[in-house]
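Working notes, beginning with the structure itself.
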Amino acid sequence: RSLTMEKRDFSEISDTCKWESPDYEPWFPVSEKSNPLTRDIDKSSPNHIVRLLAACDAQMFQKDTGTTYQRLFSDSVVLTMLEVARTVEQILRDPEDSLVVLSGCGTSGRLAFLMASCFNRALRDRQQNTVYSYIIAGGDRALLTSLEASEDDPKLGMLTLEKLCEGKRRVLFIGISCGLSAPFVAGQLDFCLKHPDIYTPVLVGFNPVTQAREETMPGYSLTFREVVQRMEEQRGQRAFIINPAVGPEAISGSSRMKGGSATKILLETILAAAHTAAFTNTHVTRRVLLDMMRGYERVYSVTYSHSDQIATLLQTAGLSLQCGGRVCYLSWGSLGLVGLIDASECIPTFGADYEDIRGFISGGYQDMDNIEGDLTSLGSQFCIAHEDFVSLVLPTLSDRDTVLLLYTCHDDVGDVEKMVHRVREKTSNLHSLYHGLEGDTAQWELSSKLVLNAVSTGSHVLKGKIYRNHMVDLQVTNSKLYHRAIHILQVRTHARTHEALLKAIYHVEQLPEDITSAGASCHNDYHPVAFTSVIRKCFERHYDTQQLYHPRHPRTIPINIPPQQIHRRHNLKLHSTLPSPTLIRGIPQLSK
Ligand code: F6P
């Protein structure tokens, strides 16, 4: 190994732990810090981008080193998980008039939906009554697109929870807020604390409680931190907090990535362990929880053992975006939701159009099983079935576009083949992600999530939507994002950032005092604002914006895709069928 390699590895190792230092960006909670590992991700090659994402994701599983932060495997975290799992177990044994509610905003709400659906399905398969329900700020349409303003409303959160649980005797409420920051969730937790006879609140997030958000919430007397402090007073009996640190996100604040993955790992572990205990007449143990979480750690390793293929996919998706093409995920089974979730997040995170990266699920809303049912009447953006893909996208599909198929050994391969042939007539740029016999649905979902997060993030990095490791084309659609926007502006400029942002929001050159003196949440009605134009204005005086915001030069894609590799041990295959027609013949073999 060359000396340079060793130097780089050494600096990567020290960068891995650097964020834990109390001096590292002390003004930010962990979930908003910039990850030292990815400070140059905007200049990295596709292979290096994947390597950096893998290193960031590895931080989720880092062992407890006795520093300030508790981690996924810390005793304190596992103990709380155990207590929550036992509460779920009791509900499963005696489900009459009981409910387990999972709730969150944005990705956290989408994952709440994914898990509630998955575990209700498991109950139905056993001819049991369902006990899970979900709440997402903004309602079901927020499952597919960003409606982030509702995140700021604690009263709305509270009222939605109260309505959903009317007449219930016992409710386990699981509020997910990766940043310990969403007022919508804070309102719900506070409501639970006020009604301990019925509600037991659980908070899931990835900051220490001392870093919970301190900003006042509109029309509410408490801050998120004060609600958390009240929960702490009841901790372990009437309230639970599960908040390991998983390190800063690869793209600062993008909690859809590690925050989302860790939410899925923690909650699926708790719920799956509770199901096993309740239906085999055993009890949840610490060991069971640890084993399940280690299973997810293996999923992480197996997935990134396909880094070269992921990098190829990311590169081709990046090229599609750079030349105005689209990236379509066509999924079967529960992977469909993973695809829809990943695609929906690109709009607020990268200022993307809904057509840039778009998900389709084989059975459409029938497969979704969401509370509000079929949403297609809301417009083309809500058309999510494969038949919608065939009628709306396929006719104009070309080699500029990238199509990725996601399916598992449980899906109808005949159906996949049919789709392959139809897509193949229009584009040679077709790939597939296939999961074979080993593993379970939850693991396949996590694996797919990691791949899709890498593809959508990496392709937008290649498109020039990231500066260093900051999103610079985000939509400023709620107070958290308003503050994030301010901090991003401060990364490189001492310009009067608040003023610049407000001028852009209100489209004025002079700011009246009622605007400058209003709090962040008062500006929500004026969103969304084209943040790139704000940031460009601020930077213009100081920097060469051409250099900063000019999308990266399209790269030449090396079209020497390695032959399909079948990793029999883990049975995860990432096929790359670009562009040789012979490779696509591999698809039918999957039915064997
Ligand atoms: O405000 C937007 C957003 O940051 C989404 O991107 C994210 O999924 C959501 O808020 C929820 O954040 P949290 O889980 O920290 O409450």
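Matching residues to (1) in contact with a strand residue (DSSP E or B) (Cβ under 7 Å, 6 or more places away or on another chain); (2) among the acidic types (D, E):
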residue: R51; (1), (2): no, no
residue: F73; (1), (2): no, no
residue: E83; (1), (2): yes, yes
residue: S98; (1), (2): yes, no
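Among the numbered conditions (1) within 16 Å of the ligand (Cβ to nearest atom); (2) crowded, with 19+ Cβ neighbours inside 10 Å, tell me where V77 comes up short. With (1) within 16 Å of the ligand (Cβ to nearest atom); (2) crowded, with 19+ Cβ neighbours inside 10 Å applied to V77, the lone miss is (1). Cβ-Cβ contacts under 6 Å between residues 6 or more apart (or on different chains), taken from a first residue in segment 268-287 that is on the phi > 0 side of the Ramachandran plot to a second residue that is part of a helix (DSSP H, G or I) and surrounded by 23 or more Cβ atoms within 10 Å (Cβ to Cβ), are absent.
Set side by side, the residues V171, V185 differ, and just one is in contact (Cβ under 8 Å) with a residue 60 or more places away in the chain and assigned to a strand (DSSP E or B), which is V171.
If you go through segment 19-46 and keep only what is surrounded by 15 or more Cβ atoms within 10 Å (Cβ to Cβ) and either assigned to a helix (DSSP H, G or I) or of a type in the set (S, T, N, Q) (or both), you end up with V30, S31, E32, S34, N35, P36, L37, T38, I41, D42, S44, P46.
Within segment 91-109, being away from the ligand (no atom under 16 Å from the Cβ) and either in a helix (DSSP H, G or I) or without any contact (Cβ under 8 Å) to a residue 24 or more places away in the chain (or both) holds for I91, L92, R93, D94.
For M60, the conditions (1) more than 16 Å from the ligand (Cβ to nearest atom); (2) of a type outside the set (V, I, T); (3) part of a helix (DSSP H, G or I) are fulfilled apart from (1). Among the residues of segment 331-361, what is the count of those that are within 16 Å of the ligand (Cβ to nearest atom) and among the acidic types (D, E)? The qualifying residues number 2. What number of residues in segment 448-465 are crowded, with 24+ Cβ neighbours inside 10 Å and either of a type in the set (K, R) or more than 18 Å from S344 (Cα to Cα) (or both)? Residues flagged as crowded, with 24+ Cβ neighbours inside 10 Å and either of a type in the set (K, R) or more than 18 Å from S344 (Cα to Cα) (or both) within segment 448-465 amount to 3. Within segment 46-84, the set of residues being without any contact (Cβ under 8 Å) to a residue 12 or more places away in the chain and over 24 Å from R287 (Cβ atoms) comprises just one member, H48. Within segment 312-350, if we keep just the residues that are under 23 Å from V390 (Cβ atoms) and among the aromatic types (F, W, Y), the residue that is modelled with the lowest pLDDT turns out to be W332.
Each row is one residue, and each column tells you yes or no for (1) closer than 23 Å to L394 by Cα; (2) of a type in the set (D, E, K, R); (3) assigned to a helix (DSSP H, G or I).
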{"site": "L271", "(1), (2), (3)": "no, no, yes"}
{"site": "S301", "(1), (2), (3)": "no, no, yes"}
{"site": "L330", "(1), (2), (3)": "yes, no, no"}
{"site": "L337", "(1), (2), (3)": "yes, no, yes"}
{"site": "D342", "(1), (2), (3)": "yes, yes, yes"}
{"site": "I347", "(1), (2), (3)": "yes, no, yes"}
{"site": "D353", "(1), (2), (3)": "yes, yes, no"}
{"site": "R358", "(1), (2), (3)": "yes, yes, no"}
{"site": "G373", "(1), (2), (3)": "no, no, no"}
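The sole residue among T376, T396, T427 that is among the polar types (S, T, N, Q) and crowded, with 16+ Cβ neighbours inside 10 Å is T427. Does D473 qualify as being part of a loop (DSSP other than H, G, I, E, B) and touching a helix residue (DSSP H, G or I) at 6+ places or on another chain (Cβ under 7 Å)? Judged against the criteria, D473 is a match.
Take K258 and tell me if it is within 12 Å of the ligand (Cβ to nearest atom) and within 27 Å of K449 (Cβ to Cβ). Before you say what the answer is, go through the steps one by one.
Working: within 12 Å of the ligand (Cβ to nearest atom): yes; within 27 Å of K449 (Cβ to Cβ): yes.
Answer is yes for this residue.
Test T282 against the criterion of being over 21 Å from the mean Cα position of the chain (by Cα) and either in a loop (DSSP other than H, G, I, E, B) or small (G, A, S) (or both), and give yes or no. So T282 passes the test.
Residue by residue through segment 161-177, note down the ones that are among the β-branched types (V, I, T), within 13 Å of the ligand (Cβ to nearest atom) and within 16 Å of L99 (Cα to Cα).
First, pick out the residues of segment 161-177 that are among the β-branched types (V, I, T): 171, 174, 176.
Next, from what is left, pick out any that are within 13 Å of the ligand (Cβ to nearest atom): 174, 176.
Scanning segment 161-177 gives a single hit, I174.
Would you check if there is a residue in segment 263-285 being charged (D, E, K, R) and within 13 Å of the ligand (Cβ to nearest atom)? Yes, some residue in segment 263-285 is charged (D, E, K, R) and within 13 Å of the ligand (Cβ to nearest atom). Among the residues of segment 119-160 satisfying the criterion of being within 13 Å of the ligand (Cβ to nearest atom) and assigned to a loop (DSSP other than H, G, I, E, B), which is farthest from A442 (Cα to Cα)? Restricting to residues being within 13 Å of the ligand (Cβ to nearest atom) and assigned to a loop (DSSP other than H, G, I, E, B), the top hit is D153. Within segment 121-154, being under 20 Å from Y482 (Cβ atoms) and among the aliphatic types (A, V, I, L, M) holds for A137, A142, L147, A149.
The values are calculated or read from the model by the stated rules, or taken from the named source; none is laboratory data. Remember, it's a predicted structure, so these values are computed and weren't measured experimentally. Note that we place each Cβ from the backbone using ideal geometry, even for glycine, and neighbour counts take in every protein chain shown.
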